[in-house]
Amino acid sequence: MTSIELPLFVHWEKTLKDVLSRTQKFPKRVRFTFSSRIDNLALDILEKIVEARYTRDKTVTLVQASLLLEKLRVLFRISHEEKYLDHKGFEQVARNIDEAGKMLGGWIRSRSIR
């Protein structure tokens, strides 16, 4: 199985595209702070998913991805509170992050069962 076939990879790739399109619309004054940080975290998560597929100790990499996901969740919540992101956009992103978190959690749990 390649990383492209992993449901988490497919889900996060779509989420990443959505995140990037939303952060482009953030106000100019926060584009180099919040937008850049959010974009980089979202890209880092994708990289961790790919790394997990090809590394021996997947659990460490998956936990790192989970931590990055939590950081992203916090930044999006602040972005919503500061009105850089509308309510509908925030709800969509939050659902996608939650779904990715469930997938990551399931993958981590499946590794500890073995």
Practice prompt. Go ahead and estimate [θ] at 222 nm for the chain from helices alone: -39,500 (n - 2.57) per DSSP H run with n ≥ 4, summed, over the residue count, rounded to 500.
Written response: -26500 deg cm²/dmol
Worksheet item: Angle, helix 87-113 long axis vs. longest principal axis of the chain, Cα atoms, 0 to 90°, nearest 10?
Response: 20 degrees
Worksheet item: Computed on alpha carbon atoms, what radius of gyration and Dmax characterise the chain, expressed in Å?
Response: 14.4, 48
Worksheet item: Which trypsin sites (Lys or Arg not before Pro) does the range 40-77 hold that lie in a coil by DSSP with at most 16 other beta carbons within 10 Å?
Response: R56
Item to complete: Count the net charge of all other residues whose Cβ sits under 11 Å from the Cβ of T61, scoring Lys and Arg as +1 and Asp and Glu as -1.
Response: +2
Discussion item. Compute the angle between helix 7-23 and the longest alpha-carbon principal axis of the chain, please, reported from 0 to 90 degrees and rounded to the nearest 10.
Written reply: 10 degrees
Practice prompt. Identify all lysines with a Cα-Cα distance to K28 below 28 Å; exclude those on the same chain that are fewer than 8 residues away in sequence.
Written response: K14, K17, K71, K83, K88
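We did not get these values from a lab; they are worked out from the coordinates using the rules stated. Model, not experiment: these values are computed from the prediction. Reconstructed Cβ throughout: ideal geometry from the backbone, glycine too, with neighbour counts over all protein chains shown.
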